[in-house]
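The values are calculated or read from the model by the stated rules, or taken from the named source; none is laboratory data. The model shown is predicted, which means the values in this text are computed figures rather than measured ones. Methodologically, a virtual Cβ is constructed for each residue, glycine included, from the backbone with ideal geometry; neighbour enumeration extends over all protein chains shown. Side chains included, ligands, DNA and RNA excluded: accessible areas come from the protein's heavy atoms. Shrake-Rupley method; radii C 1.70, N 1.55, O 1.52, S 1.80 Å.
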Amino acid sequence: MASSHQKMEKRVFDLEEDLAVSLAKYIADLSHHFANKKRLFTMVLSSNASEPPYVDSIDWSIWHIFWLDERVVPKTHVDSNYKLAYDGFLFKVPILHGNVYAIDDTLSAEGAAEEYEARLKHLVNNKVIDVSSESGFSKFDLNLLGRGPDGHVASLFPGHPLLKENKKWVTFIKDAPKPPPERITLTFPVINSSDYIALVAHGAVSIALGEGNPPTAETLPVQRVAPEGLLTWFLDKDAASKL
């Protein structure tokens, strides 16, 4: 499915618990789909999206977990997205340890970004991660996104030069407008090469979805999300009321 013919759907929920249940089922269904299709399931997590489900029927052995972005801090640090995910659900489910791809927290921001990109390319060569025939970038099965109150996604912030990055798969930022300032992040070409994107938005927001509008210099990062496959918004009533 070409991004120029992007498919999008919106799911709106009265209660956040209902949103979480629907999102869990959505992830579980995709896990079963890719289990049948290729015996692999690659999913990218963000820090401000909901955690994957615990479902007995899921074949966790085929799951491969990646990070949309990561703060350049030790894995044991309270700001670490890895720690957040581990404390939230990774310790509960039997995903193989070697299938969880955290950054090398001993490196600088630049070094960690370069190492993570090299690892993604190695996994493409080993047929763990697909590559997009359209963009040539890594193609994840599911990218689970959240959006910040300023409209940022990943560690791609409004007005930042990294929004224009179209060569690298993974890049770094040292001046993030919210702490901690040093992070690595997937770039938009990788994000938008995804087969499926679930974008979770809680609370009132003052931005439109940007449907049908090409990105401009003023476009918020969240409005640049346009996967090759299907974009599904998971919205509570407050968030949906402003769209």
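Out of all the residues in region 147-158, is one or more farther than 29 Å from A20 by Cα and open to solvent by less than 60 Å² (accessible area, probe 1.4 Å)? No, region 147-158 contains no residue that is farther than 29 Å from A20 by Cα and open to solvent by less than 60 Å² (accessible area, probe 1.4 Å). Of all residues in region 117-146, those that are modelled with pLDDT of 95 or more, open to solvent by less than 30 Å² (accessible area, probe 1.4 Å) and not hydrophobic (A, V, I, L, M, F, W, C) total 5.
Per the listing A35, A28, A85, A102, the residue uniquely free of Cβ contacts under 8 Å to residues at least 60 places away in the same chain, of a type in the set (A, V, I, L, M, F, W, C), part of a loop (DSSP other than H, G, I, E, B) and open to solvent by less than 20 Å² (accessible area, probe 1.4 Å) is A102. Looking only at region 105-116, residues that are among the small types (G, A, S), open to solvent by less than 60 Å² (accessible area, probe 1.4 Å) and out of contact with any Lys or Arg (no Cβ under 8 Å at 6 or more places or on another chain) come to 2 in all.
Number of residues in region 112-143 that are part of a helix (DSSP H, G or I) and small (G, A, S): the value is 3. Condition check for W60 on (1) surrounded by 17 or more Cβ atoms within 10 Å (Cβ to Cβ); (2) at pLDDT 90 or above: one failure, at (1). When T76 is tested against the conditions (1) open to solvent by 50 Å² or more (accessible area, probe 1.4 Å); (2) hydroxyl-bearing (S, T, Y); (3) at pLDDT 90 or above; (4) not in a loop (DSSP other than H, G, I, E, B), the lone failure is (4). Among the residues of region 38-57, the ones that are assigned to a loop (DSSP other than H, G, I, E, B), among the charged types (D, E, K, R) and at pLDDT 95 or above come to 1 in all.
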